[in-house]
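Accompanying notes for the structure given below.
Laboratory data are not the source of any read-out in this text; all were calculated from the coordinates shown. Only a predicted model underlies this, so the values are computations on that prediction, with no experimental measurement involved. For neighbour counting, all protein chains shown are included, and Cβ atoms are generated from backbone atoms with ideal geometry for every residue, glycine included.
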Amino acid sequence: MIDNNLRKGEFYMGKLNAKQLLSVSLTLFAIFFGAGNMIFPPAMGQLAGTNFIHALAGFLVTDAGIAILGMIGVVLVGNSMSDLGRLVSKKFAVVLSVGVYLLIGPLFALPRTGSVSFELALLPYVPQHNAWIFSLLFTAGFFLLTYYLSSNPNKVVDVVGKYMTPILLISIVMIFVGCIFTNPVNSEMIQYGTIGAPQQDYVSIPFFKGMIEGYNALDGPAGLAFAIIVINAIRSYGITDKKSIVKYTIFSGLGAAFFLAVVYFMLTYAGAITSTSFSNGGALLHALTSSLFGNVGGVILGIAVLLACLTTSIGLTTAFSDYFKELFPSVSYKKIAAAVCIFSFVISNVGLSQLITISLPVLMMIYPISVVLILLSFMKKYIGHRRMVYVGGMFMAFLASFVSALESAGVSFGITSLFHDYLPFYSLGLGWIIPAVIGAFIGFLPFWPMNKKNENI
């Protein structure tokens, strides 16, 4: 039976042609690529210097790589993130969904839309000693507009996204081309033109440091939430066979990853040739654009980023409010949307750099759990009803990543040195791998109550 989303008269061929596959890939790319994704590659490139390619490879693994694996994992077990969570239990499915929506909503991603848009669109043009006042006023207006437009988001997102995403991409290409063909600049405001030496951990472990930085983009958890969008896009062409949906999810995911890789390469390169230190990648991009194309270049980039952030914030607010309206039917959509906008407004005013600093330890705890669950979902047929395999793997991964996250936040205690000395891959930020494997194997033991068939847990 052909999917109801098919347009009248559309012929079902049972497979996607190259044009259709490209369309799904570009849709997926547009979903993942937001203005927030612009700020991390340049900052990483500046620190990585001559090792920026290795750092970029690691960044792609934890950004696009985990996102794609997450979508495939969801497709293999069902149609939504909740289906993936039900591998453990129905209660965990709710916990997983709530956690992901909080991450891509008011805790990190949504406040970041306000912070990024302020720092690129307005901060360079206001008195720095009163910047916090302008930040409050700007983000208040930003989230008020988000709340107003989230009541009817489709038309706004479609119109703005149709034009702003291309403008954003054109801006990135122009920056990259400008960096290649412009002679080195050594002014009081900015120095660029020569790839610098790597700094910090990018000297010894650029790939693995890039992996840690990839957490910040939040595309990994977002992949779980956005899987249903890709599934519906593929079904809209009449593809209903499970194996075909999985196959085209993989192909479209790889296509989106390719486009992301190209854009990230250009942004990382722009950072690698810039030697002037900036507080974050957003400030670096604005200064570089203004230097290359004058004030008008910085203004155009700022406006494009602002509108792109607005569309992202509308989409995230709508998705978050829709989900929690289903979870709490007695609470109105508008009340949830208002609450999430107010909370995001408060969080966004801690500043972009501070927000990134705070979020990284949290993401270092969340990502390993998600990765373990996703990877184990690929072995569902071998695991069967042994739910403790998932619990054991995720719990042990969490313990190791918890210690690593605390260390990254500047908190250290006795066990930290033990982990450094005896836990493989810990110094690379991957100390959770061996504990996760051990936990999963322990979960295979037959005496665990969770390993008994019970559809009601």
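Quick one: what does P(r) look like for the stretch 317-457 with 10 Å bins over all Cα pairs, in whole %?
For the stretch 317-457, the pair-distance distribution reads 11, 26, 26, 27, 10, 0.
Compute the distance in nm between two label points, each set 7 Å from the Cα along the Cα-to-Cβ direction, one at residue 381 and one at residue 22.
According to this spin-label approximation, the distance is 3.5 nm.
Rounded to the nearest 20 Debye, what is the dipole magnitude of the stretch 18-352 about its Cα centre when Lys and Arg each give +1 and Asp and Glu each give -1 at the C-beta? Each step should come with its number before you reach the end.
On the way: 15 positive and 11 negative charges, 193 e Å.
Rounded to the nearest 20 debye, it is 920 debye.
Among 31, 163, 56, flag the residue with its Cα farthest along the positive direction of the charge dipole of the stretch 18-352, charges on Cβ as +1 for Lys/Arg and -1 for Asp/Glu.
Value computed over the given set: 31.
Within the set 334/381; 243/452; 19/209; 91/335; 91/381; 91/242, which residue pairs have Cα atoms separated by over 32 Å?
Values: 334/381 42 Å; 243/452 29 Å; 19/209 37 Å; 91/335 25 Å; 91/381 22 Å; 91/242 26 Å.
Result: 334/381; 19/209 exceed 32 Å.
Where the centroid of each part is defined by its Cα atoms, how far is the stretch 49-68 from the stretch 74-103 in Å?
26 Å
May I ask for the percentage of alpha-carbon pairs in the chain that lie more than 27 Å from each other? Display every interim value, and only then the final one.
Values: 58572 of 104196 pairs.
Considering the chain, 56 percent of its Cα-Cα pairs are separated by more than 27 Å.
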